1. Of the conditions (1) within 7 Å of another protein chain (Cβ to nearest Cβ); (2) farther than 23 Å from A:T32 by Cα; (3) modelled with pLDDT of 95 or more, B:A15 clears all except one; give me its number.
2. Tell me which helices (runs of 4 or more DSSP H) are completely within the range C:342-444 and hold 1 or more residues being within 14 Å of another protein chain (Cβ to nearest Cβ) and within 22 Å of C:A153 (Cβ to Cβ), or say none if there are none.
3. Search the range A:333-349 for residues being touching a Ser or Thr at 6+ places or on another chain (Cβ under 9 Å) and open to solvent by 10 Å² or more (accessible area, probe 1.4 Å), and hand back the single one that is nearest to A:L275 (Cα to Cα).
4. Consider A:C72 against the criteria (1) in contact (Cβ under 8 Å) with a residue 60 or more places away in the chain; (2) facing another protein chain (nearest Cβ under 7 Å); (3) more than 27 Å from A:L420 (Cα to Cα); (4) not hydroxyl-bearing (S, T, Y): it satisfies all of them except one. Which criterion is unmet?
5. Within the range A:167-221, considering only helices (runs of 4 or more DSSP H) that don't extend past its boundaries, which have at least 3 residues that are within 20 Å of the chain's Cα centre (by Cα) and small (G, A, S)?
6. What's the number of the condition C:I330 fails, among (1) open to solvent by 40 Å² or more (accessible area, probe 1.4 Å); (2) in a helix (DSSP H, G or I)?
7. For the range B:232-277, how many residues meet the condition of being more than 28 Å from C:L238 (Cβ to Cβ) and either more than 7 Å from every other protein chain (Cβ to nearest Cβ) or open to solvent by less than 10 Å² (accessible area, probe 1.4 Å) (or both)?
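The values are calculated or read from the model by the stated rules, or taken from the named source; none is laboratory data. Since this is a predicted model, take the numbers as computed values, not measurements. With ideal geometry, Cβ positions are generated from the backbone for all residues, glycine too; neighbour counts draw on all protein chains shown. With ligands, DNA and RNA removed, areas are computed over all heavy atoms of the protein, side chains included. Shrake-Rupley method; radii C 1.70, N 1.55, O 1.52, S 1.80 Å.
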Amino acid sequence: MISKFMPKKLFVAAAGAVMLSVPAAAEVSAETAYVFNTLLFLVGGFLVMWMAAGFAMLEAGLVRSKNVGEICLKNISLFGVACIMYLLMGYNVMYNGVDGGYIGTFLPWSADDAAATAAEGATFDANYAAASDFFFQVVFVATAASVVSGTVAERIKLFPFLIFTVVLTGVIYPIQGAWQWGGGWLSEMGFVDFAGSTIVHSCGGWAALIGAIILGPRIGKFTEDGKVRPMPGSSMPLATLGTFILWVGWFGFNGSSQLALGSAVDAVAISNVYLNTNMAACGGLIAAMLVTKLVYKKVDLSMVLNGALAGLVSITAGPDTPTPLIATLIGAVGGVLVVFAVPAIDKLKIDDTVGAISVHLICGIWGTMAVPLTNADASFVTQLIGVASIGAFVSLTSAIAWFALKATVGIRLSAEEEELGSDLAELGLEAYPEFGRGSQKLSF
Amino acid sequence: MISKFMPKKLFVAAAGAVMLSVPAAAEVSAETAYVFNTLLFLVGGFLVMWMAAGFAMLEAGLVRSKNVGEICLKNISLFGVACIMYLLMGYNVMYNGVDGGYIGTFLPWSADDAAATAAEGATFDANYAAASDFFFQVVFVATAASVVSGTVAERIKLFPFLIFTVVLTGVIYPIQGAWQWGGGWLSEMGFVDFAGSTIVHSCGGWAALIGAIILGPRIGKFTEDGKVRPMPGSSMPLATLGTFILWVGWFGFNGSSQLALGSAVDAVAISNVYLNTNMAACGGLIAAMLVTKLVYKKVDLSMVLNGALAGLVSITAGPDTPTPLIATLIGAVGGVLVVFAVPAIDKLKIDDTVGAISVHLICGIWGTMAVPLTNADASFVTQLIGVASIGAFVSLTSAIAWFALKATVGIRLSAEEEELGSDLAELGLEAYPEFGRGSQKLSF
Amino acid sequence: MISKFMPKKLFVAAAGAVMLSVPAAAEVSAETAYVFNTLLFLVGGFLVMWMAAGFAMLEAGLVRSKNVGEICLKNISLFGVACIMYLLMGYNVMYNGVDGGYIGTFLPWSADDAAATAAEGATFDANYAAASDFFFQVVFVATAASVVSGTVAERIKLFPFLIFTVVLTGVIYPIQGAWQWGGGWLSEMGFVDFAGSTIVHSCGGWAALIGAIILGPRIGKFTEDGKVRPMPGSSMPLATLGTFILWVGWFGFNGSSQLALGSAVDAVAISNVYLNTNMAACGGLIAAMLVTKLVYKKVDLSMVLNGALAGLVSITAGPDTPTPLIATLIGAVGGVLVVFAVPAIDKLKIDDTVGAISVHLICGIWGTMAVPLTNADASFVTQLIGVASIGAFVSLTSAIAWFALKATVGIRLSAEEEELGSDLAELGLEAYPEFGRGSQKLSF
């Protein structure tokens, strides 16, 4: 019987000088590793794609019923736009020939590699199927765009939002992504962002922040005497469902960002990432629950949901190095940050409909800066350079895009349309025609 | 150190004529391939099973609140019926001894193979665990039945619908499936249907079409002066959620239809399928959005959702051969088709409650006919023969089943029951007892 | 060309006595098995984590709208509490040094093993990454706690419930888990509980039963003249969605409880488990549908959903040994049991808000006792000892915990708070502010 734990090298001394190093049965073969790596991308990809549903449900739950249909439409259509733009140019801007610089090439992604590999019968040079890599990368782009839709909800026009999404997913996101993941100057400098606290979440967060400022607050959100008027979301169970979906999708987001499953070392690393991702979410939600109870006397469910997401964003820059307890604490700090960031942003009279700036931008920065606490390869200075440079770039380019849209097609619904709700104004339907405000208007 | 990229054959010349081709360490071993293939079926299987939830949510969102409970019940119970019928006879009708013919054997599926493999300690002759294959196949059957439930919703009786499901999943679906996937006459002729545009979606679509004709439209849907009265769905976020669920489930539906993950070539093929599936959905939804905006001035969310599904159905017959851009276009054509098919079917006074005929039948045909555009192994004539023969068979057998049910137990709710809603009529409950129409009737 | 079906041993006779058994190319290598096993835990883990969303949606759909926000909060926060407690002590209480006894050690789980494996470059001694094992185990704990939240819904206070969850997940669940899965006295005796009919579901069920008794029924549930007042859930589609989520998550729950995917034998076993799990759910739902139709004349959707869950709980103790038809029947018995258990528990004036005692406790017992029917390694006596001892232990410790909470912080909302609803009482928000009862109170 051959043991499963053979020595890795066997030598046959026979007929004089013949010395053969036979294949090591204990190792993962090259083709097996190729399949594992590809599988990791595919499973991670469908999990991250599923996050689009999470954003849709979270935002549908947190807006008022008169805007629920449009927020559903925005979330599913931005996914379509993001995938098409990334195919047409984004991927190659981000990954093709960056070489330590700032930008790749404006070319459509091509399936040539994949086709070639299939035709030749697997050379394994790439370590994974090209299309699986594209599929995994493309769903991240949509995540960045989903962050924006929540913040600017309830008063932005549909098509200008989608045009902004075209720019964000085809140009802005890929360029700053190229700096790090495309092998650009930030990665050469030693910036660390495992799965995208900065590159995905802060990127979306900055674009959302600039959008919210340029767009202005919803009518009635900030009263003249300086008060903030709460505008409660229409469905807490949908918001909860969205949070759960994002949570489960995040295992793909962070776990598959290890980029390889072809060895035991990779399997261990991914397992640590899964566990830390889970614990950070737990830390964020428990922290937000306790803090809202202490500060406001009552627990705020929407804040608890945002606390879980804050934990997830916070761990995303470095889910591979902390112990699970430290990961819980990193998430908990994120959860506390969100509880105080939401009213602080309100104080600045910036209207963030679902709290996405607090969750994705503030905690994205926190998570990125927290990496050196557990990762010796990272430095605070380099992390700060990454955060600041990407923040400046995304803010500037987003501002140009938002202002250009405002000056041309306009970005904001009229006051009447906003009052009526974007569903009736732009879609000509209601999300819940038989109940909510709709029940007074239609009969069946 | 042994490189992971060893040549596939190593020759040992020793002691004269001994020439040994040692196992290639770079390859996937037979047992590893067995595990990979099985894993592909299991992951694909749970993703496709999850599509049942997608159909349930989509249809629950698109019917009026008085019928939401019953549509939930139909969707979960048809899944139960489909699995049991496929176990009792469907699988063997479809796969056991078809041999180029028209039908297999009416025998229950047996776990003998699986048990034998386990007992003998893996001979690998089957390349995958028998039960994983059954599990993957059975969830497709339910998909075909789910197509029907949406079209005939809001006026069909529960148990007659379930009896039809018994016939569809135990007899009709398996017989036409045997022609192609069971190795029957269509597959010998060279018909190509990778994951079931025709065999699953059109099959369900034909059964739905015949059902809708025999059942007649909902009361008030078509007015005497020839107008079509819109009956908006009760919850757009649930319909959106359902679409997202179907989308993510479709990665299993199409991806695992490669039927093997035991080599790099398979991994590449599945990756292409994932990517093309995703892009076709994007194409379908963006096309439907733009066309409804152009034609109707306002974007129609339910049409956009159906557009995404149309893209998915359209690519299902051949997700393995197009480039991603071509896949996007194939999906986009599907999205456009749906926008015009829905009102066209209305014109024919056929009442398709959720638009399933347009999505699954029309786009199933389009997707099947589009295969030869990118697949040299397919021909338009053979594709047409497949579409027509399956269409004729399913229509005829469905008509017999529907008429037999109509003549015996009856298939339609009384006018009073339909007015009251199927929830109160057949379930004695309301889906939303505290709001919607229920809020006027019950107090808590 | 090297065949994929080589004999497992090849002998080279060369230069006299040199006899080499070369690595068997047909086998799974040790490192490949390590990756497969770890992957099984990760995929199973995210599926079971997803079940937390299922419980949240099921319970949100089955409570009245005035308590929906709080039940969402409880379900997501109990998951956080469970993971943190299991990390701090639960895992080691259950798995560290039980050695045939009753309890492990009260120590935090440490990632040392994982780190060591990563550092050393994979010794494979563990067969899987330590963190993947923890991740898979931790999501089961949350399941047990989720069972409780449904039963005691609509009248329990938030923080006392969470304190109970701390005790349940940190102490009670791990101790009884140690008896079997930790290698304690029950496992030495030959008790069989594959994935936790007793250890997870009955454990949660006993804790829920005791909680419901000590807490008392909701105001108005049982009238003075002995009638049971129905309190219909607020959203049937959410309850249906929750059931589907639990169903799909159960493939991870049962399937990955095989604990290994590193061989064809394991792949076959997991496939059988998937199939049997699915068939048992089908059996349970169809049986519940038919029985409610026969007994009550109308089909009860919430009972059908509970029937599917009953089937799943029933098969969980032994999903590996029955044929699929027997699995269907085991599930069907569970479905029938639930239909009669729910009114029986009502008769005892125990108020189980969502029917969780019937589903998880009654069917957990049934499933455990059914194991010897198909598994020769199990005996009725030993199964009964396991059921009884765990029942006694969990009931006793739960009673102590519930009484201690009742005597100190109190566990029940005041009558006014209960009437108002826990959302307004404890969260200061409404789940559906624009419709349902909220629509009479708030204006937008």
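1. It is condition (3) that B:A15 fails.
2. C:415-420
3. Within the range A:333-349, the match that is nearest to A:L275 (Cα to Cα) is A:V333.
4. (3) is the only condition that A:C72 fails.
5. Result: A:203-215.
6. Failing condition for C:I330: (1).
7. Total meeting the criteria: 19.
Every residue, every condition in (1) modelled with pLDDT under 95; (2) touching a Gly at 6+ places or on another chain (Cβ under 7 Å), yes or no:
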| position | (1), (2) |
| --- | --- |
| B:I213 | no, no |
| B:F222 | no, no |
| B:K227 | yes, no |
| B:P230 | yes, no |
| B:V248 | no, no |
| B:N254 | no, no |
| B:S257 | no, no |
| B:Y274 | no, yes |
